[in-house]
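Worksheet: one structure, shown below.
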Amino acid sequence: MAVSVTGATGFIGKRLVQRLHADNHNVCVLTRSKSKAELIFPVKNFPGIIIAEEAGWKDCIEGSNAVVNLAGMPISTRWSPEIKKEIKQSRIRVTSKVVDLINNSPQGVQPTVLVSATAVGYYGTSETRVFDESSPSGNDYLAEVCREWEATALKVNKDVRLALIRIGVVLGKDGGALAKMIPLFMMFAGGPLGSGQQWFSWIHLEDIVNLIYEALSNPSYRGVYSSIHQLDHCSCFPYKSVFIMLIDFFHMFILLLFTKISGVINGTAPNPVRLSEMCDQLGNVMGRPSWLPVPDFALKAVLGEGASVVLEGQKVLPAKAKELGFPFKYPYVKDALKSILS
Ligand code: NDP
């Protein structure tokens, strides 16, 4: 298989490219910076990998069977109006470019699969509700970003199989949330952020890479909730919630009618935890106490509105992945942390 990957130089992308390369797939790294990508994927370790800056994306995509779209500006930063704009626009810009290139590929060389990242932020936040792929979108800023990000990916030609992966907090050693938490626990300064009661829907890096890999190669990974999802984006239809309920009821029937519709798959482990439990487990595995809570006001002082990313969460279940029989290697956070920190 030939696969083009945006965001390949990032935390998830790096591991995905390593895996695809190890399995002898042809990989094209679509990046903004060739020199950065060449440092991450040196030719001696990754012979045959093609690295392309934006001018070369067209040739790569036209020569690929599949595209994985992971690019986007990191959100774990202090949000200013300009940063918020770039968090959203970076995702929409890259996704739009990828979709245009796929849609305009000549017949016969068009990729047949697009796996595009989105996030569990789609659902908004709640301490009490449980979300799966059929849940409606939330009302906050991140939900809006995810909706527009997904809507852009949904513009891909209908004969391209689209898997939208709503990713939870990815746990791995060399990046993401854990890389920020580990040093604090090492210095005996670890503890929950805010109340600790917020839900933490996590997934091990290896599992999210496997899920993306599976979505690339397994035609069943198109999602059963896609027709609902598309209606959810339709603001022109006044009775859409009634319709969504009806379609939910008949979704298997609808699937049979529209076999090429797009799919949403939650990329989260089956056992989300509250943040206080995550911190307790991290402390246990590291042999350090989880005793120093960081109050809301301190986080807000440092991160501004961006503090909402860690102070609020959502309990998201991977209903679709379970239905497809996806084999989670790390369903429990304790085992995930042990494997990462061992
Ligand atoms: P990273 O932040 O590690 O990497 C994202 C990549 O996107 C970068 O390597 C970069 O690639 C590209 N990028 C960064 N800024 C911009 C920008 N302003 N404009 C265009 N491209 C940019 O992301 P992750 O690997 O952690 O995540 C991959 C995707 O999954 C992201 O879109 C993220 O939002 C989503 N996600 C991740 C979660 C996590 O816990 N890690 C949780 C939920 C969703 P280059 O420089 O090569 O162009």
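The values are calculated or read from the model by the stated rules, or taken from the named source; none is laboratory data. These figures come from a predicted structure and were not determined experimentally. Methodologically, a virtual Cβ is constructed for each residue, glycine included, from the backbone with ideal geometry; neighbour enumeration extends over all protein chains shown. Just the protein is used for accessible areas: all its heavy atoms, side chains included, with ligands, DNA and RNA removed. Shrake-Rupley method; radii C 1.70, N 1.55, O 1.52, S 1.80 Å.
If I build a Gaussian network model for the chain, linking alpha-carbon pairs within less than 10 angstrom, which residue out of GLU144, GLU62, GLU127 has the largest mean-square fluctuation?
GLU127
If contacts are Cα pairs under 8 angstrom and at least 6 residues apart, what is the relative contact order of the chain in percent?
Computed value for the chain: 20 percent relative contact order.
Run the helix sum for the chain: -39,500 (n - 2.57) per DSSP H stretch of 4+ residues, divided by residue count, reported at 222 nm to the nearest 500 deg cm²/dmol.
-12500 deg cm²/dmol
For the chain, report the accessible area per residue in Å² (1.4 Å probe, heavy atoms, rounded to an integer).
Averaged over the residues of the chain, the accessible area is 46 Å².
Identify which of ALA321, ALA22, ALA269 has the largest mean-square fluctuation in a Gaussian network model of the chain, with springs joining Cα atoms closer than 10 Å.
ALA22
How far apart, in nm, are the 7 Å Cα→Cβ label points at SER96 and ALA301?
4.0
What order do LEU193, LEU317 take when sorted by accessible area (1.4 Å probe), most exposed first?
LEU317, LEU193
State the percentage of accessible surface on the chain attributable to carbon and sulfur atoms; use a 1.4 Å probe and exclude ligands, DNA and RNA.
C and S atoms contribute 58 percent here.
Please find, in a Gaussian network model of the chain (springs between Cα atoms separated by less than 10 Å), the residue of PRO47, PRO136, PRO331 whose mean-square fluctuation is greatest.
The residue with the greatest mean-square fluctuation here is PRO47.
What residues from region 304-342 fall in the zone where the backbone N is under 14 Å from a label point 7 Å along the Cα-to-C-beta line of ASN218?
318-330
Accessible area, 1.4 Å probe, largest first: how do TRP291, TRP202, TRP79 sort?
Descending order: TRP291, TRP79, TRP202.
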